[in-house]
Amino acid sequence: MVKICCLGAGYVGGPTMAVIALKCPAIEVCVVDISVPRIAAWNSDQLPIYEPGLDEVVKQCRGRNLFFSNDIEKHVAEADIIFVSVNTPTKTRGLGAGKAADLTYWESAARMIADVAKSDKIVVEKSTVPVKTAEAIEKILAHNSKGIKFQILSNPEFLAEGTAIEDLFKPDRVLIGGRETPEGQKAVKALKDVYANWVPEDRILTTNLWSAELSKLAANAFLAQRISSVNAISALCEATGANVAEVAYAVGKDSRIGPKFLNASVGFGGSCFQKDILNLVYICECNGLPEVANYWKQVIKINDYQKSRFVNRVVSSMFNTVSGKKIAVLGFAFKKDTGDTRETAAIDVCKGLLGDKAKISIYDPQVTEEQIQRDLAMNKFDWDHPIHLQPMSPTAVKQVSVTWDAYEATKGAHGICILTEWDEFKTLDYKKIYDSMQKPAFLFDGRNVIDAEKMREIGFIVYSIGKPLDPWLKDMPAVA
Ligand code: UDX
Ligand code: UDX
Ligand code: ADP
């Protein structure tokens, strides 16, 4: 029986290993993590992450050929294939701070593998890492190997949160990069055989190590670029009276462009896009390519601009001040169907509103108050988040309340900001909400999920991203 061990039971490691276990009954899969509560949660009925369809997959395999454990060394020693799916955040200090990936977790994982391995292993890079990380890891393993042979592969994960199980069941492609030596190719084949249990052969692509690593960064940069492109156009739509939904539809009909990922929004978030682009930018700079670095940096700048533009729109339409006003925030996660808040646009929007002394009341169906408070207290790189340069003061924190009910959050509010496209926000009783609010009642739709005309009939003053402006908003001072 082939044994797989995965280091890191997070958003990537957990769902990916659960699906491998489901699709490959002949393989024993063990997911290990240094975090005791995280593993306990994976072994309970309350999984540590919310992902549609994940519960069923875990229920079917857990205890059969899928295990979650803190006994890292034992499972690493026994495994034939080791996936490394530990966190790789952006460095917060030292060389490359704010741009380069922090590989501390990766390096300590590699040293531990070298320490405990007693037989040959295939080590698979699963978390996004800068190009040439595989080479560094290979060196650590080789120099500490005591004669054991390690083959390193890059197998980047392309799943998106909220659709992770679907993406894993039917991936557009599986990418496996390896050394072009006979041993390297043998390792590539071994991993290919795992995926071949459910993925059609023509969707399993094999490349060299660097191509696989760079493809992941490039794919995320291209996706994020589409959103920044359409968001840039959304600003122009508001200025001219064009409608971004009509423009995006017309543009997307060109089969060379395609219709997906052209939804204008308050800004993209998530653990990957910004981090991977920063990575790409840093790699370009290190390789003496400042023009290329600046080209990609602009994708992040437009994203930051979109968030500050939204905040400015809120403040300027409400008579240029939100001081002491209750603003309801519907949705805090970076997209629907996940409880993940990493890099969510909601953090910057809330900080921007708090900077103007608003009182914020937040409702998100999957995000806890504890998480929201932690996110809002976090310090960011100043160049990276221009809206709010300082960490939040304790008094500002007191201006935030979190509820488990959209009606509670909006009661008595002057304005509502929709920041995540949760389906349930489409079917709220907006008449009831309107009646409970201060007048004039403002509705700022950062995801274009509500029918603006219907809301105007109820009485709301409505702002939708990239749509022709409400007469009210037109009369307000121009937004920078
Ligand atoms: C992304 C990639 O899609 C995935 O392939 C990669 O492996 C990891 O990064 P994820 O971050 O989970 O996945 O979510 P994604 O669906 O890509 O959304 C990212 C952000 O872009 C979200 O904040 C989303 O709301 C936003 N978005 C997406 C838009 O604003 N408009 C769009 O049209 C699409
Ligand atoms: C373009 C648009 O395609 C067309 O829809 C519009 O109506 C007019 O402008 P055109 O300029 O004639 O048409 O040619 P196009 O095929 O788009 O190529 C433009 C340039 O891009 C060419 O120099 C082409 O060589 C280059 N190109 C195109 C690339 O370098 N790489 C590509 O993948 C595609
Ligand atoms: P991702 O979205 O990439 O999956 P997460 O932060 O959700 O990232 O998950 C990464 C996981 O890796 C965390 O649960 C963390 O505790 C775990 N981790 C970090 N370092 C190690 C290590 N050396 N061994 C095992 N697990 C680790």
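Derivation of every value follows stated rules applied to the coordinates shown; laboratory data play no part. If you're wondering where the values come from, they're calculated on a predicted model, not measured in any experiment. Every residue, glycine as well, gets a Cβ built from its backbone with ideal geometry; the counts of neighbours run over all protein chains shown.
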What residues have an amide H closer than 5 Å to that of SER361, excluding those fewer than 5 places away on the same chain, when H is modeled at 1.01 Å from N in the peptide plane?
ILE327, ALA328, VAL329, SER401
Estimated distance in nm for a label pair at ASP475 and ILE34, the labels positioned 7 Å out from Cα along Cα-to-Cβ:
5.9
Rounded to the nearest 500, the 222 nm mean residue ellipticity computed for the chain from DSSP H runs (n ≥ 4, each -39500 (n - 2.57)) alone is -13000 deg cm²/dmol
Working from Cα positions, state the angle (0 to 90°, nearest 10) between the long axis of helix 345-355 and the longest principal axis of the chain.
40
Evaluate region 221-464: find the radius of gyration of its Cα atoms, find its Kirkwood radius, and give the ratio Rg to Rh.
0.97
Check cross-link reach from LYS359 to the aspartates and glutamates: straight Cα distance under 18 Å, and skip same-chain residues fewer than eight apart.
ASP348, GLU369, GLU370, ASP375, ASP405, GLU408
Once the mean 1/r over all distinct Cα pairs of region 3-199 is inverted, what Kirkwood radius in angstroms do you read off?
17.0
When DSSP assigns beta bridges and you keep just the ones with both residues in the chain, what percent turn out antiparallel, to the nearest 5?
5
Can you give the relative contact order of the chain as a percent, counting alpha carbon pairs under 8 Å and 6+ residues apart?
12
In nm, to one decimal, how far is the modelled label at LYS431 from the one at THR163, with both set 7 Å along Cα→Cβ?
3.5
Net charge near ASP55: determine it from the other residues with C-beta under 13 Å of the C-beta of ASP55, scoring Lys and Arg +1 and Asp and Glu -1.
-1
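What is the packing order of peptides 123-131, 199-207, 370-378, taking the mean over residues of other C-beta atoms within 10 Å and listing the highest first?
Output ranking for 123-131, 199-207, 370-378: 123-131, 370-378, 199-207.
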Descending principal axes extents, the chain, alpha-carbon based, whole Å
74, 49, 44
10 Å beta-carbon shell around ASP451, net charge (K/R +1, D/E -1)
0
